[in-house]
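Here the structure comes first, spelled out in structure tokens, and everything after it is commentary.
The values are calculated or read from the model by the stated rules, or taken from the named source; none is laboratory data. Keep in mind that what you see is a predicted model, and the values were worked out from it rather than measured. Using ideal geometry, Cβ is built from the backbone for each residue, glycine included, and neighbour counts are taken over all protein chains shown. Ligands, DNA and RNA are stripped out before the accessible areas are found, and what is left, the full protein with its side chains, is counted by its heavy atoms. Shrake-Rupley method; radii C 1.70, N 1.55, O 1.52, S 1.80 Å.
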Amino acid sequence: MSHGKEALIKVYFKDPQLPPGQNQREKYVDKYSTVSSVLEEAKTAFSLPSSMQIAFLFKGRKLNPAKTLLDYGVDEDSVLMIVPDRIIGG
Amino acid sequence: MSSEYIVPMCPQCGSPLPNLPTAENAVTCEFCNGKVYGREKTAQSQQLKEDYASIYSEVMLVKQEFPKVEIIGADIAKIRVPVTSQGSEYDVLVVLDEFPKDIFVDYPRGLRSLIGPPNYLTTVTSWAPGSSHAVDVLREIKSMANRSRAALGVTYEGGPEDISALSRSFQVEQVSPSETRIYIYTPRTRFFTSLNTATSPPQVTIPSNIKRVLPIAGILEQRYNAGEITIGDLVGRLEYAANVQDRIITEIQKLRNNFVNVTYQPETRQISLIVPVEPIRLQFQITLPDKFPIVRPVITLQTRLKNRQLEDAILKRMNFAMSSWTRFNSILDILTEIQGVVATFLYGRY
């Protein structure tokens with residue numbers, strides 16, 4: 001399924017483990033793309049190994065990699081927080 | 001060092017040369033005895049040549065619009081551009097040493113008092129390598145200098161023709177013999193101010209919905225009608241207030257896109273919201289001071305946390321972010337920093 005240029009939105013990847021001022025990257029992504037594909041872009045943006053298991057937090061909730069950004073209402077200027085992909089307390 | 005030459009040849013007789021000639025060290029041809037100097041094209045010299053070409057074309061672009069541009073000394077990257085603003089001339093220094101990556105601009109104190117320091121210019125703060133041009137910066141300087149003089153320096157004395165200075169910066173329209181409208185447009189806020197010229201002195205009326213959104217508009221209306229400020233002051237300050245309002249709208253939109261239960265009270269300029277990192281939900285209240293965004297917002301955490309260590313970490317990060325506030329920061333930056341502290345606490349490090 002192809003989409004026009006209007007599907008591109010500006011989001012920010014944030015890695016809270018880095019110091020303030022260096023922990024955010026700006027990126028244009030297609031809001032119809034899956035969370036897993038955007039996760040790969042985030043890994044590239046922060047030069048993280050592709051084998052690393054990470055997840056996004058948006059509005060305090062962990063995003064399911066199989067769903068799309070649109071499913072979660074990710075829109076312009078949204079901040080996608082990078083966290084290790086593990087169960088809390090696990 | 002890379003070179004384009006693989007087999008050096010004499011340019012006069014075409015015979016192969018014993019060594020590689022360089023720009024500094026000539027090689028004598030064994031057949032024709034001619035001295036051959038090399039014209040190496042290293043990556044560095046090629047880059048320098050491209051940089052010089054882009055700076056030169058940039059200076060030519062400036063020259064088209066500002067013909068009085070002057071190159072300072074032997075360096076083409078430093079230029080002085082006289083910018084004229086309603087009778088006064090200011091020398092603007094533009095340094096293109098880092099062009100197209102960056103630009104350095106400076107100008108005299110007189111111009112600074114009118115338009116602020118160079119790092120406040122939109123074209124400088126949002127400089128995009130490759131697509132931004134020095135001429136855009138100079139255009140902005142010129143337009144801001146004209147605008148601030150028109151908006152702050154003009155006095156109103158009676159007839160509609162006296163607000164001609166305002167019409168250079170604002171849309172001014174005479175809708176009836178007794179009413180003149182001055183339109184104020186910012187990217188998100190559009191409204192007009194009515195000037196009743198039938199009365200003496202003229203009286204100003206600002207629509208009530210605008211006074212509700214911009215509380216300062218009511219105060220300015222009263223002060224103008226009491227003869228305390230000029231029409232230039234009124235319109236200039238209204239435009240500034242509208243720009244601040246634009247900024248607040250943008251901030252709230254960003255907060256709504258990232259947090260929950262975001263509410264804004266325009267009368268008290270208070271934002272209330274929840275920053276969630278499930279299962280923790282942090283309630284914040286943010287008060288925007290009158291001089292926002294120059295003065296930082298007051299952010300208060302209203303949720304008491306059982307974990308003192310986490311609460312201390314949040315407050316520490318919040319204080320750090322607030323103390324380093326500049327008008328280019330956003331409230332979203334501060335709150336996402338806090339959200340990051342909680343996320344690291346809950347999910348740990350990878």
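Restricting the search to segment B:227-259, which residues are open to solvent by 20 Å² or more (accessible area, probe 1.4 Å), in contact with a Leu (Cβ under 7 Å, 6 or more places away or on another chain) and within 13 Å of chain A (Cβ to nearest Cβ)?
Within segment B:227-259, B:LYS254 is the sole residue that qualifies.
Kindly list, by first and then second residue, each pair from a residue in segment B:200-218 that is loosely packed, with under 14 Cβ neighbours inside 10 Å to a residue that is among the polar types (S, T, N, Q) and part of a helix (DSSP H, G or I), limited to pairs with Cβ atoms under 6 Å and residues at least 6 apart or on different chains.
Partner pairs satisfying both residue conditions: none exist.
Of the residues in segment B:294-341, how many are open to solvent by less than 70 Å² (accessible area, probe 1.4 Å), free of Cβ contacts under 8 Å to residues at least 24 places away in the same chain and facing another protein chain (nearest Cβ under 10 Å)?
Selection size over segment B:294-341: 5.
Residues B:PHE99, B:PHE104, B:PHE31: which one is open to solvent by less than 30 Å² (accessible area, probe 1.4 Å), modelled with pLDDT of 75 or more and among the aromatic types (Phe, Trp, Tyr)?
On the way: B:PHE104 fails: open to solvent by less than 30 Å² (accessible area, probe 1.4 Å); B:PHE31 fails: open to solvent by less than 30 Å² (accessible area, probe 1.4 Å).
Only one candidate passes the filter, namely B:PHE99.
Which ones in segment A:50-61 are part of a strand (DSSP E or B) and either among the aromatic types (Phe, Trp, Tyr) or at the interface with another protein chain (Cβ under 8 Å from one of its Cβ atoms) (or both)? Walk me through it before giving the result.
If we filter segment A:50-61 for residues that are part of a strand (DSSP E or B), which is where we start, we get A:54-58, A:61.
Of everything in segment A:50-61, those that are part of a strand (DSSP E or B) and either among the aromatic types (Phe, Trp, Tyr) or at the interface with another protein chain (Cβ under 8 Å from one of its Cβ atoms) (or both) turn out to be A:ILE54, A:PHE56, A:LEU57, A:PHE58, A:ARG61.
Can you work out which of the residues in segment B:186-199 that are open to solvent by 20 Å² or more (accessible area, probe 1.4 Å) and in contact with a Phe, Trp or Tyr (Cβ under 8 Å, 6 or more places away or on another chain) is modelled with the highest pLDDT? Steps first, answer last, please.
We begin by selecting, within segment B:186-199, every residue open to solvent by 20 Å² or more (accessible area, probe 1.4 Å); these are B:187-188, B:190, B:192, B:196-199.
Okay, now just the ones that are also in contact with a Phe, Trp or Tyr (Cβ under 8 Å, 6 or more places away or on another chain), so B:190, B:192.
Details: B:ARG190: 79, B:PHE192: 86.
The residue in question is B:PHE192.
Quick one: A:VAL79 ticks every box in (1) farther than 21 Å from B:VAL341 by Cα; (2) at the interface with chain B (Cβ under 8 Å from one of its Cβ atoms); (3) open to solvent by less than 40 Å² (accessible area, probe 1.4 Å) bar one, so which box is it?
Going through (1) farther than 21 Å from B:VAL341 by Cα; (2) at the interface with chain B (Cβ under 8 Å from one of its Cβ atoms); (3) open to solvent by less than 40 Å² (accessible area, probe 1.4 Å) one by one, A:VAL79 breaks only (1).
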